[in-house]
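The values are calculated or read from the model by the stated rules, or taken from the named source; none is laboratory data. None of the values given here were measured: they were computed from a predicted structure. Quick reminder, even Gly has a Cβ in these numbers, built from the backbone with ideal geometry, and neighbours come from all protein chains shown.
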Amino acid sequence: MKISECREEDLALLEQHMPTLGAPSRHALRFARHAEGTGTYLVAWYEGVPVGSCEVRWDGCAAPEIQAAHPGYPEVNGLGVWPGTLRSQGIGTALIRAAEERASGRGAAGIGLGVEKNNPRAEALYKRLGYRPATPYLDCWSYQDGVGVTHRVADACTFLVKELP
Ligand SMILES: CC(C)(COP(=O)(O)OP(=O)(O)OC[C@H]1O[C@@H](n2cnc3c(N)ncnc32)[C@H](O)[C@@H]1OP(=O)(O)O)[C@@H](O)C(=O)NCCC(=O)NCCS
């Protein structure tokens, strides 16, 4: 397994193996931020197939309450490992470590990530990796489906933070 930064030519494979909702795809949106420098889109590969990804959002979590509470903290966003049969083998941990290395390399004092209140397994993983629950917030996001209808979503989340060396 290796982790690399997303390239434009990876997008078709990402969508094929890890389909996302909406158009443009979430992979394309993340790559656009990667290309403009506001994000770093990390992809885990196994035998030439993308098996996981996450994005480091350098401008932090979009929620205003998190911006206020944790200014200057980049956010690990959209962490996922596919297919489910490949979970619990260290890929998620490796993606988080790769995100932390990049944040440390840029001199960030800390890094954070949000987890839905109904995702205790992911929260337990983050706590094991040194993250502590810090601030509750509503993660508001939207996507456009294949016929152009915009769907708005608000998820109750907790923002966890970790100080970096
Ligand atoms: C949450 C998620 C990204 C974690 O990725 P992952 O690759 O499964 O994470 P890891 O393998 O690093 O760690 C998870 C578990 O594997 C265990 N583990 C890690 N490396 C291992 C190894 N080499 N051998 C056996 N077990 C291992 C960990 O102890 C941990 O234990 P758990 O099963 O009790 O949780 C993944 O489960 C996922 O995509 N879930 C669905 C989407 C999601 O919830 N995303 C998070 C949004 S906040």
### Pair list, Cβ < 9 Å and 6+ apart or interchain, from the stretch 82-101 residues that are at positive phi to residues that are at pLDDT 95 or above and surrounded by fewer than 21 Cβ atoms within 10 Å (Cβ to Cβ)
G90/M1
### Task
Return yes when L14 is within 15 Å of the ligand (Cβ to nearest atom), of a type outside the set (D, E), modelled with pLDDT under 95 and farther than 21 Å from L160 by Cβ and no when it is not.
no
### Task
Looking only at the stretch 148-165, count how many residues are in a loop (DSSP other than H, G, I, E, B) and either within 27 Å of S25 (Cβ to Cβ) or at pLDDT below 95 (or both).
3
### Query
Got at least one residue in the stretch 82-91 being outside any loop (DSSP other than H, G, I, E, B), at pLDDT 95 or above, more than 13 Å from the ligand (Cβ to nearest atom) and not hydroxyl-bearing (S, T, Y)?
no
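Yes/no per residue for (1) over 17 Å from I91 (Cβ atoms); (2) part of a loop (DSSP other than H, G, I, E, B); (3) not basic (K, R):
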| residue | (1), (2), (3) |
| --- | --- |
| S4 | no, no, yes |
| L14 | no, no, yes |
| G22 | yes, yes, yes |
| A35 | yes, no, yes |
| V43 | no, no, yes |
| G52 | no, no, yes |
| D59 | yes, yes, yes |
| I66 | yes, no, yes |
| Y73 | yes, yes, yes |
### Query
On the given criteria, is V49 in contact with a Ser or Thr (Cβ under 9 Å, 6 or more places away or on another chain) and modelled with pLDDT of 95 or more?
no
### Task
Tell me, yes or no, whether the stretch 127-142 has at least one residue that is hydrophobic (A, V, I, L, M, F, W, C) and more than 18 Å from C61 (Cβ to Cβ).
no
### From the options V81, V115, V147, residue that is touching a Cys at 6+ places or on another chain (Cβ under 7 Å) and β-branched (V, I, T)
V115
